[in-house]
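Contents: one structure, followed by commentary.
The values are calculated or read from the model by the stated rules, or taken from the named source; none is laboratory data. The structure presented is a predicted model; accordingly, all values stated were derived computationally and were not measured. When we count neighbours, we look across all protein chains shown, and the Cβ atoms used for this are built from the backbone with ideal geometry, even at glycine.
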Amino acid sequence: MMSRSRTAYTLDPSPPKTGVTVVEADVVGVSPDGYTISVRTRDGRSLDLQYLSPAAALGKDTDSFAGAGYSYTPEEGSIAIVVTTSYGESYIKGFVQKRSSSGYRGLREARRQGDQTIRSRNGGFLDVLASALVRMGASALAQVVANPGDDSVRTICQNYMVSTGLGDLTWLLDYETRKGALRILSRSSLEEGAPSAHLALGDNPSGNLVEIGTSSGKNSSFAIERAGNVRVDSDKDVTMMAPKGKLRQQGKKIYLNTSGSAKPRNSFRSNFFEVPTAAVQPGAPASILKFPKPKVMPTALPIPDPKKVLKPTQFIKVSTPLTPVKDTLARVEASKASLPRLS
């Protein structure tokens, strides 16, 4: 196998020694780093070459850190076009598609005039279509689509992850159990040990559909169970304020913990006080957790039953009679008590 090596270009003002030639070649090997292509040309030469590109090397030869430019690596079996310059240097100018029963299309998708696409064998793609639609992805279920029709950007995936300096967002699906959850973690600052808050929606190990908690109060949380029960637990004080409204509490039974001591969750013992629920008056708002269909508000009082005997309302006045003044004076004269003199 022949190979050419060149460490630097040198100025050669002499006339060209040969003419420029172009010949087809088969790619028979690719170096481990992907930048040296071994080919066998139609005229029988075996060469180790690099490929030409409009932006293959935008930096200097010593630019080994950034590696500025656009590069790609062919597969063995590709058909390359090899050009040999008038000074005897050979390069790969490009690659061509083998002709098949479907012409030059092969297994590629049909394209319209003006479409630009990049495809990999295993499904990765980047499409910049003439319609201005832009798609980028690795599969049908892992892609981002920018649609000029409605100025929208859609992310299609089964697992979504975002990591930032202040937190993370993960939306994961377990293929075996077909369950998933959305989890959000947000930190208040970049300082070590800064307070953080987390939100979990969906399938959680605790069985709750919704969980909200903070790092500063590990036992302080808000949760909604699968059955619909709502729990609010806090290691600190809980404050509810409605400066311009009302606080309403509605339920079949209401338990108030008046012991003042912390108790484990899900425990209702003798230190809880049960308050009977009062009837809900018309106009009371519905629960914030359930949204039943609104009922028609009454426009008049109900008609009383004529068969029901109505008892007249009786008023009883209870008062304590005052002691007459003359009786008080008589008791004073009877006691003959001397009044104190003023000095």
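Descriptive notes on the structure:
- Of 227, 146, all but one fail to be loosely packed, with under 15 Cβ neighbours inside 10 Å, closer than 27 Å to residue 72 by Cα and either over 15 Å from the mean Cα position of the chain (by Cα) or of a type in the set (Gly, Ala, Ser) (or both); the exception is 146.
- Qualifying residue in the stretch 185-202 (condition: outside any loop (DSSP other than H, G, I, E, B), more than 29 Å from residue 233 (Cα to Cα) and in contact with a Gly (Cβ under 6 Å, 6 or more places away or on another chain)): no
Condition check ((1) touching a Phe, Trp or Tyr at 6+ places or on another chain (Cβ under 9 Å); (2) in contact (Cβ under 8 Å) with a residue 12 or more places away in the chain) across all residues:
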site: 102; (1), (2): no, no
site: 105; (1), (2): no, no
site: 114; (1), (2): no, yes
site: 130; (1), (2): no, yes
site: 136; (1), (2): yes, no
site: 156; (1), (2): no, yes
site: 161; (1), (2): yes, no
site: 166; (1), (2): no, yes
site: 170; (1), (2): yes, yes
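- Among (1) of a type outside the set (A, V, I, L, M, F, W, C); (2) more than 27 Å from residue 54 (Cβ to Cβ); (3) surrounded by 14 or more Cβ atoms within 10 Å (Cβ to Cβ) - the single one residue 90 does not satisfy: (2)
- Matching entry among 17, 93 (being more than 43 Å from the chain's Cα centre (by Cα) and within 30 Å of residue 132 (Cα to Cα)): 93
- Top-ranked residue in the stretch 214-245 [being assigned to a loop (DSSP other than H, G, I, E, B) and touching a Pro at 6+ places or on another chain (Cβ under 9 Å); ranked as nearest to residue 184 (Cα to Cα)]: 215
- Filtered by the rule that a residue be modelled with pLDDT under 85 and of a type in the set (A, V, I, L, M, F, W, C), the stretch 77-112 gives a lone residue, 107.
- Annotation: of all residues in the stretch 17-53 being outside any strand (DSSP E or B) and among the charged types (D, E, K, R), the one that is modelled with the lowest pLDDT is 17.
- Residue in the stretch 168-180 that is on the phi < 0 side of the Ramachandran plot, assigned by TED's automatic domain parsing to the domain that holds residue 228, aromatic (Phe, Trp, Tyr) and outside any loop (DSSP other than H, G, I, E, B) present: yes
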